[in-house]
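Contents: one structure, followed by commentary.
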Amino acid sequence: MAFTLPELPYAYDALAPYMSAETLEYHHDKHHNAYIVKGNELIVGTGLENKSLEEAMVAAFQDKAKAGLFNQLGQHYNHLHFWNWMAPHGGGKKISQNLTALIDKDLGGYDTFRGNFIQAGLTQFGSGWCWLAQDNATGKLEILKTPNGENPLPMGKTPLLGCDVWEHSYYIDYRNARQKYLEAFVDNLINWDYVQQLFEQGPIKVAA
Ligand code: MN3
């Protein structure tokens with residue numbers, strides 16, 4: 001079953017001024033689409049064609065010969081969620097009581113979460129992502145960063161929130177100011193309802 005590009009869950013200009021229509025047109029229509037086209041091409045003949053995206057992605061991650069395929073599937077997975085991790089009038093502390101309690105316990109409170117999440121994105125050298133994830137074994141929240149198309153799933157952690165720090169995600173709107181982009185993401189864009197949804201779904205355990 002071939003992977004397809006879903007439409008954005010909002011209008012292209014809905015996240016302005018924090019993320020412009022031009023950025024979303026390039027990022028969604030060109031970059032995300034390219035990962036899907038290339039992924040559909042590379043998956044042929046691997047035996048992973050009928051797996052779920054999550055299963056195919058983790059299996060490709062574990063096989064060095066499939067590193068090229070992993071890059072495309074990882075980025076497809078990451079971007080599918082990334083569009084939903086943002087919403088108009090998002091960001092700030094619109095967080096449920098149960099998730100707030102866990103952020104307090106595991107991450108030292110909202111302000112520390114905010115600082116460390118931004119710092120993770122800022123210190124990811126080159127392209128990659130920063131994450132709020134929940135460890136499947138311990139249930140603890142963690143802040144992580146990963147290079148390129150990687151994400152917390154192959155490490156046995158469930159991504160609850162991720163921010164794309166590839167330059168294509170911010171260069172049109174923020175030029176080289178990655179920190180300003182990360183601050184706008186946290187303060188004005190995060191869709192905490194979607195984070196809550198993933199948190200309530202619980203650990204994603206992928207049989208590879
Ligand atoms: Mn991207």
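Quick check: is even one residue across segment 120-132 assigned to a strand (DSSP E or B), in contact (Cβ under 8 Å) with a residue 24 or more places away in the chain, within 18 Å of Glu54 (Cβ to Cβ) and aliphatic (A, V, I, L, M)? Checking segment 120-132: not a single residue is assigned to a strand (DSSP E or B), in contact (Cβ under 8 Å) with a residue 24 or more places away in the chain, within 18 Å of Glu54 (Cβ to Cβ) and aliphatic (A, V, I, L, M).
Between Ala14, Ala65, the distinction of being away from the ligand (no atom under 16 Å from the Cβ), surrounded by fewer than 18 Cβ atoms within 10 Å (Cβ to Cβ) and in contact (Cβ under 8 Å) with a residue 24 or more places away in the chain belongs to Ala14 only.
The set of residues in segment 157-194 being within 16 Å of the ligand (Cβ to nearest atom), touching a Lys or Arg at 6+ places or on another chain (Cβ under 9 Å) and either of a type in the set (Phe, Trp, Tyr) or at pLDDT below 95 (or both) consists of Tyr170, Tyr174.
Out of (1) buried (at least 17 other Cβ atoms within 10 Å of the Cβ); (2) among the β-branched types (Val, Ile, Thr); (3) over 23 Å from Phe61 (Cα atoms), the odd one out for Ile143 is which? That leaves (3) as the condition not met.
Annotation note: Cβ proximity below 7 Å between a residue of segment 164-186 that is within 14 Å of Thr23 (Cα to Cα) and a residue that is away from the ligand (no atom under 16 Å from the Cβ) and assigned to a helix (DSSP H, G or I) (sequence gap 6+ or interchain) occurs for Tyr174/Lys180.
Across segment 94-120, which residue is farthest from Ala133 (Cα to Cα) among those that are of a type in the set (Lys, Arg) and surrounded by 13 or more Cβ atoms within 10 Å (Cβ to Cβ)?
The residue in question is Lys94.
Residues that are among the β-branched types (Val, Ile, Thr) and either farther than 17 Å from Tyr10 by Cβ or modelled with pLDDT of 95 or more (or both) number at least 2 in the following helices (runs of 4 or more DSSP H) confined to segment 20-117: 33-42, 97-107. Can you confirm whether segment 146-156 contains a residue that is more than 12 Å from the ligand (Cβ to nearest atom), without any contact (Cβ under 8 Å) to a residue 60 or more places away in the chain and surrounded by 20 or more Cβ atoms within 10 Å (Cβ to Cβ)? Yes, because at least one residue in segment 146-156 is more than 12 Å from the ligand (Cβ to nearest atom), without any contact (Cβ under 8 Å) to a residue 60 or more places away in the chain and surrounded by 20 or more Cβ atoms within 10 Å (Cβ to Cβ). Residues considered: Gly45, Gly39. Of these, the only one that is crowded, with 20+ Cβ neighbours inside 10 Å, free of Cβ contacts under 8 Å to residues at least 60 places away in the same chain and over 27 Å from His89 (Cβ atoms) is Gly39. For segment 68-81, state whether one or more residues are surrounded by fewer than 21 Cβ atoms within 10 Å (Cβ to Cβ), within 21 Å of Glu25 (Cβ to Cβ) and under 18 Å from the mean Cα position of the chain (by Cα). Yes, some residue in segment 68-81 is surrounded by fewer than 21 Cβ atoms within 10 Å (Cβ to Cβ), within 21 Å of Glu25 (Cβ to Cβ) and under 18 Å from the mean Cα position of the chain (by Cα).
The values are calculated or read from the model by the stated rules, or taken from the named source; none is laboratory data. Note that the structure is a prediction, hence the values are computed from the model and not measured. Note that we place each Cβ from the backbone using ideal geometry, even for glycine, and neighbour counts take in every protein chain shown.
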